[in-house]
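One structure below.
The values are calculated or read from the model by the stated rules, or taken from the named source; none is laboratory data. Everything numeric here is computed off the predicted structure, so don't read it as measured data. Note: ideal-geometry Cβ built from the backbone for every residue, glycine included; neighbour counts use all protein chains shown. The area values use the complete protein model at the heavy-atom level, side chains included, leaving out ligands, DNA and RNA. Shrake-Rupley method; radii C 1.70, N 1.55, O 1.52, S 1.80 Å.
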Amino acid sequence: MTDGMFITFEGIDGSGKSTQARLLAETLKNDGLDVVLTREPGGSPGAEQIRALVLEGDPDRWSAETELLLFTAARRDHLERLIRPSISDGKIVISDRFADSSRIYQGSRSGDLRAMVDDLHNLMIRQEPDLTFIIDMDPDTGLARAKGRGGTEERFEDFGAGLQAQMRTGFLALAQEYSDRCVVVDGGRAIGDVAADVVRIARERLA
Ligand code: ADP
Ligand code: TYD
């Protein structure tokens, strides 16, 4: 059996990642492919428990370093239990966020933790996606969409539009840093138009 493929969606909160990940998964399933749709933080039972620890409660609950360790612990469990076994089985794994989110969110919080993010990634994760969609979006629109969703997971959305703008710039820089696997897609259009681009690009890479 040949290895499958690992596709990730990245971008600021409310940019449409979850929507696009779900639509791509549905389309590729209809194409007859074996698809696993997952998300971070989470994606495995243990990582989902860590998700509740990092996304709910007091925003100052964790130091930036502790938070990075928790995201990395969740990712390691997700990788061991779902991502690697599925890729080895020849499946297409589609994840709503992965390591690029830590590079941007943790990497730019409270000074510059990016070197620490990279060290931990090299030590504990090492896996990179084959293809990453960076859904680019105006920060105010993204924030309004994310707030419209409601719920208790507001830890990062609560940092506001200034931080969203900083994250957007970070993701666009990341797309250049990892230009071999990253594709920037304009998320400020109708859902179907964004999905058409995503599906076309994914099919090209799969071919
Ligand atoms: P993310 O996972 O990036 O936070 P979601 O996919 O959850 O974003 O989308 C956030 C909200 O915006 C949802 O209510 C979703 O239905 C809506 N939405 C997603 N994409 C679009 C779009 N292209 N145009 C308008 N609304 C959208
Ligand atoms: P997510 O559920 O994807 O939020 P949204 O749908 O609003 O984009 O992710 C939850 C939050 O976790 C989001 O604000 C980004 C943050 N996050 C990190 O800070 N680091 C990480 O490594 C990951 C995976 C997510």
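How many residues does region 58-90 contain that are touching a residue at least 60 places away in the same chain (Cβ under 8 Å) and farther than 17 Å from ASP100 by Cα?
Counting residues in region 58-90 that are touching a residue at least 60 places away in the same chain (Cβ under 8 Å) and farther than 17 Å from ASP100 by Cα gives 6.
For MET137, work out the one condition from (1) modelled with pLDDT of 95 or more; (2) closer than 25 Å to LEU28 by Cβ it doesn't fulfil.
Condition (1) is where MET137 drops out.
Given the condition in contact with a Gly (Cβ under 7 Å, 6 or more places away or on another chain), open to solvent by less than 30 Å² (accessible area, probe 1.4 Å) and part of a loop (DSSP other than H, G, I, E, B), answer yes or no: does some residue in region 118-131 qualify?
no
Could you please find all residues in region 72-95 being under 16 Å from the mean Cα position of the chain (by Cα) and open to solvent by less than 20 Å² (accessible area, probe 1.4 Å)?
Of everything in region 72-95, those that are under 16 Å from the mean Cα position of the chain (by Cα) and open to solvent by less than 20 Å² (accessible area, probe 1.4 Å) turn out to be THR72, ALA74, ARG75, HIS78, LEU79, ILE83, ILE92, VAL93, ILE94, SER95.
Among the residues that make up region 49-67, is at least one of them within 16 Å of ligand 1 (Cβ to nearest atom) and surrounded by fewer than 19 Cβ atoms within 10 Å (Cβ to Cβ)?
yes
Looking only at residues that are charged (D, E, K, R) and more than 7 Å from ligand 2 (Cβ to nearest atom) in region 96-110, which one is surrounded by the fewest Cβ atoms within 10 Å (Cβ to Cβ)?
If we take residues in region 96-110 being charged (D, E, K, R) and more than 7 Å from ligand 2 (Cβ to nearest atom), then ARG109 is surrounded by the fewest Cβ atoms within 10 Å (Cβ to Cβ).
Residues of region 8-22 being within 9 Å of ligand 1 (Cβ to nearest atom), surrounded by 24 or more Cβ atoms within 10 Å (Cβ to Cβ) and polar (S, T, N, Q), which ones?
SER15, GLN20
Exactly one of (1) of a type outside the set (Asp, Glu); (2) on the phi > 0 side of the Ramachandran plot; (3) within 16 Å of ligand 1 (Cβ to nearest atom) is unmet by GLY90. Its number?
All conditions are met except number (3).
Checking MET5 against (1) under 16 Å from ASP130 (Cα atoms); (2) open to solvent by 60 Å² or more (accessible area, probe 1.4 Å); (3) away from ligand 2 (no atom under 14 Å from the Cβ): exactly one of these is not met. Which one?
The failed condition is (2).
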